[in-house]
Amino acid sequence: MQRSLSSMQHDLVQITINVGEDFKSIVWKAQYDMDFNTECLFCFSEQITGYRVEDEDGKAGKVAVCPHCEKVNAIYA
């Protein structure tokens, strides 16, 4: 059976992560995605880093994290 990519995307379950949550890189199986030139919402450092993350249940998402205070600043697509 074949499925189109668009129909498979509806089957994906997003990970539940909240802004302000501590970054759990090992638990979430984090992989570097990109850097953002924007201030941290919590410690005002000048740059945050984006990661693709997946939890132990296979739920996936992307988060922007401050490398200094290690708080989640945003969830992005």
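Each value in this text was obtained by applying a stated rule to the coordinates, not by laboratory testing. Given the structure is predicted, the values throughout are model-derived calculations rather than measurements. So basically every Cβ, Gly included, is an ideal-geometry build from the backbone, and we count neighbours across all protein chains shown.
Below, the figures for the structure above:
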item	result
Amide N of the stretch 38-71 lying under 18 Å from the label point, which is placed 7 angstrom from the Cα of E21 along Cα→Cβ	41-42, 49-67, 69-71
Per-residue Cβ neighbour rank within 10 angstrom, fewest leading, Y51, Y76, Y32	Y32, Y76, Y51
Extension gain, H68 back to E39 (0.36 nm per residue minus Cα-Cα distance, nm)	9.3 nm
Rg/Rh for the stretch 5-76, where both radii come from Cα atoms and Rh is the Kirkwood radius	1.01
